[in-house]
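The values are calculated or read from the model by the stated rules, or taken from the named source; none is laboratory data. Just so you know, these numbers come straight off a predicted model, no measurement behind them. Neighbour counts run over all protein chains shown; Cβ positions are idealised from the backbone, glycine included.
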């Protein structure tokens, strides 16, 4: 039986083009889709469920275009040696961490991060996973956490040469196995991309093997890869291969429609043209880039060249509105222009991200409109100044971003209502288990 859920009396911020603000409106979910929008009280029941949204703002659920669910258990770790550059950050922290992860670590880390996403109104995540000591079955363990939390996630395994031939083979096999499992038993919550780490840790041979396997999976199979995150990626590719990371990845068919390239901070002039021509998406991760001191991506320049730039968090946060604010400040600081970047940043979060996720999942996301997916976030926000079609995005980034999420819905399923999780999950027990696993992980590291 299809569930009819009425969200009553809220202010709808539809996003999409055009973005409309509809005060005192009801929204009807029929099953997993948006069925109707109408002034409050004008729709006829009966309803299976009513969610009161008076005094609140209803928006489409948010999308995170680049995430690392495996990294949660490192929070608060103080053992990593000080790092002078990004290569040392990888060697001293992240590559030490991922080698020590067990399958249980992977699953619990994902569950903690996904529950945080529910609380932040982030309903879809594009994840990039690595656990070289526990490769086989790792994506299914993350998928189990995704199913329990009710969110949507696109998963892949990050193939790299850095841990030797056996781990390369396992990583390639894990990507293929998970992609085939998703195709054999379609699940509205799960999709697959083919994961690669970055051009500087991948030989031409490994890139060609990955490209050949992706072709076997089908022409729609895209890749998820780090691209020119630090200057060292550019420098090492030029020194070893005589080509930039963009040129190598285009040559091997990795950058193509449906692929997600994370970061894209260090691009040469020709790279912008090649990236735009490739049809690949870029996921900008400003807080991570600032934290690692690798630079600030040229989001404005990429957008002008026709590159579709979305927004990720690289696991720095589950809060996409926080990430968008950081993106805006970073663009203005980098260009020395306090008036630039708003359209590009808003376009990344509210335009490009739904397009990226929509292509992956085959759904209309990121808009409140009849027929779109019933993925919604309801915020406790009573605007202190006029809220209209023309200034809605300003309210979102400068006001609503500081408000709390009251209710989160994915595919018509209520995951959190009035700040209380509606999941069959004991969050305190999950956190307690995560603390115990983190203690053991830190000892191994």
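Scanning the stretch 330-339 for residues that are closer than 23 Å to residue 119 by Cβ and touching a helix residue (DSSP H, G or I) at 6+ places or on another chain (Cβ under 8 Å) turns up nothing. Among the residues of the stretch 213-240, those identified as farther than 19 Å from residue 155 by Cα and out of contact with any strand residue (DSSP E or B) (no Cβ under 9 Å at 6 or more places or on another chain) are 231, 232, 234, 235, 236, 237, 238, 239, 240.
Filtered by the rule that a residue be free of Cβ contacts under 8 Å to residues at least 40 places away in the same chain and either over 23 Å from the mean Cα position of the chain (by Cα) or in a helix (DSSP H, G or I) (or both), the stretch 399-419 gives 402, 418. Could you say which residue among 429, 440, 435, 390 is out of contact with any helix residue (DSSP H, G or I) (no Cβ under 7 Å at 6 or more places or on another chain), outside any helix (DSSP H, G or I), without any contact (Cβ under 8 Å) to a residue 60 or more places away in the chain and not assigned by TED's automatic domain parsing to the domain that holds residue 75? Matching residue, one of 429, 440, 435, 390: 390. Restricting attention to the stretch 294-320, the residues that are within 13 Å of the chain's Cα centre (by Cα), surrounded by fewer than 22 Cβ atoms within 10 Å (Cβ to Cβ) and in a helix (DSSP H, G or I) total 0.
Residues in the stretch 43-54 include none that are in contact (Cβ under 8 Å) with a residue 12 or more places away in the chain, surrounded by 14 or more Cβ atoms within 10 Å (Cβ to Cβ), assigned to a loop (DSSP other than H, G, I, E, B) and under 23 Å from the mean Cα position of the chain (by Cα).
Within the stretch 284-293, being under 15 Å from residue 261 (Cβ atoms) and either in contact (Cβ under 8 Å) with a residue 60 or more places away in the chain or surrounded by fewer than 18 Cβ atoms within 10 Å (Cβ to Cβ) (or both) holds for 284, 285, 289.
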